[in-house]
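The values are calculated or read from the model by the stated rules, or taken from the named source; none is laboratory data. Just so it is clear, the model here is predicted, and its values are computed rather than measured. Cβ coordinates were reconstructed from backbone atoms using ideal geometry, including for glycine residues, and neighbour counts include every protein chain displayed.
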Ligand SMILES: *Cc1c(COP(=O)(O)O)cnc(C)c1O
C-alpha cells in the first residue's frame, strides 16, 4: 500500500507537529558550563570500588521495579520516612511527565515565568493548558498576581522551582505557603538545586496534603545516571505509581545510585566546594562593570550584559573553548542574559579571564 508521508504526519497531534524538539547543543572539546553539571569526578579508590559493584550487575535481568534496596538507601540518605510516599523517575523530567500525564484533559498547569522550560514543554506535549505569571524584577514571586491567577485558572498543578532555574534564587518561604494555601490543586516544589541551597519543603510535604517535593540527583553529581524522585502523601503518590513504567530505573542506575548514596559524604563535600566556588565566581563577576550579576543559591549564575549583545559574548566565549548558555528571549527575563554553571576552580578562572577580555574589547 502506498501511503504518503504527509498523511502519516497527520496522525500526530497538531500541538506536537508545531513543537520544536528540546535542543541540546554540541559540546565536544568544550569546557561545559552550560548544563549545571558537577565538574568533579570521584576519588580513584571510590571509582574502583564502584567498578567492582558494577561487575556484579546482571544486564540480562530486568531491574527490581520498586528498586527496594536503592530506595532504602535513598530514604536514609535524605531523611524521608516511611510514612511518606515516594515515586522514582528516569530523571525528574520523567516525573514532571508522569504527574502531568495523570491529570484530566481539561486541567490547567501553572508556573511562574521564567522557570524551568520542561514544565511548559511537557504540558504542551500532553495538550494541557499552561499559564504563567511573570516574576517581579528581583525574581521574587509576584504573589498578588499569582493568587489572582490561581483564583482564575484553578490549576491542577503548580510548579515552583526552589531555587528557580534560570534565575538561581530561592522564593520566599512565606510566598510559597501562600500559594500552597490558596491552591486546591497540587503544588510541586522542584528542589533540583537543593544540594546548593540547603533549604527544603520536605517537612511541608508532610504537613500539607497538596504539596509534592521533587528532587533529582543530577545536579548533585549524577546527571548521567538519570534518577529523580517525588515525595508526597501516599494517597497521591500511589496514583502516580500506577502509571510509572515498571522498569524505568535500570539496573546500572539502581546500583550506581545505591553506591553513591552510601558514599554520600563525598557528594556533599563536592556540593560544598561548588558553593564556595559560586561565591568566588559571583564576586569576580560583580567586579566587571559592564554586567549585572544576579545572586545565586544554586550551582549556576545568571548575569546580564549591559554594553554588548549576549549572543556576541556567548559566541566569543565559545570560540575560547567554553560553552555557557545564552538565555535568548524568555518571558519574564530581561534581555541579553547569559547563564553559567559553576565549574571547577580552574574552569571558573578561565571563564572569568575570557569574559573580562571580551567585555573590555570595543
Ligand atoms: C535540571 C532540572 C531538572 C531536571 O533534572 P533531571 O533529573 O536531570 O531530569 C528539573 N528541575 C529543574 C528546576 C532543573 O533545573
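All but one of (1) touching a residue at least 40 places away in the same chain (Cβ under 8 Å); (2) under 29 Å from residue 241 (Cα atoms); (3) within 16 Å of the ligand (Cβ to nearest atom) hold for residue 56, so report the exception by its number.
Answer for residue 56: the failing condition is (3).
Yes or no: residue 133 buried (at least 19 other Cβ atoms within 10 Å of the Cβ), at pLDDT 95 or above and over 16 Å from the mean Cα position of the chain (by Cα)?
Spelling it out, residue 133 is indeed buried (at least 19 other Cβ atoms within 10 Å of the Cβ), at pLDDT 95 or above and over 16 Å from the mean Cα position of the chain (by Cα).
If you scan segment 328-342, which residues turn out to be out of contact with any helix residue (DSSP H, G or I) (no Cβ under 7 Å at 6 or more places or on another chain), surrounded by 16 or more Cβ atoms within 10 Å (Cβ to Cβ) and within 17 Å of residue 300 (Cβ to Cβ)?
333, 339, 341, listed by residue number.
Please find, among 185, 228, 224, the residue that is surrounded by fewer than 20 Cβ atoms within 10 Å (Cβ to Cβ) and within 12 Å of the ligand (Cβ to nearest atom).
None of the others qualify; the one that does is 224.
Write out, first by first residue and then by second, each pair whose Cβ atoms fall under 6 Å of each other, whose residues are 6+ apart or on separate chains, and whose first residue, in segment 84-96, is assigned to a helix (DSSP H, G or I) while the second is more than 8 Å from the ligand (Cβ to nearest atom).
These pairs meet every condition: 95/230; 96/122.
Residues checked against (1) modelled with pLDDT of 95 or more; (2) more than 21 Å from residue 140 (Cβ to Cβ); (3) touching a strand residue (DSSP E or B) at 6+ places or on another chain (Cβ under 8 Å):
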position	(1), (2), (3)
263	yes, yes, no
278	yes, no, yes
311	yes, yes, yes
319	yes, yes, no
322	yes, yes, yes
326	yes, yes, yes
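What tally of residues in segment 107-128 results from selecting those that are over 18 Å from residue 189 (Cβ atoms) and either without any contact (Cβ under 8 Å) to a residue 40 or more places away in the chain or assigned to a strand (DSSP E or B) (or both)?
3
Looking at (1) away from the ligand (no atom under 16 Å from the Cβ); (2) within 26 Å of residue 216 (Cβ to Cβ), can you tell me which one residue 89 breaks?
So the condition that residue 89 fails would be (1).
Can you find, within segment 245-267, the residue that is farthest from residue 159 (Cα to Cα) among those that are more than 15 Å from the ligand (Cβ to nearest atom) and in a loop (DSSP other than H, G, I, E, B)?
Top of the filtered list is 263.
Can you tell which of 170, 147, 176 is in a helix (DSSP H, G or I), surrounded by 18 or more Cβ atoms within 10 Å (Cβ to Cβ) and within 15 Å of the ligand (Cβ to nearest atom)?
Just one listed residue meets the conditions, 176.
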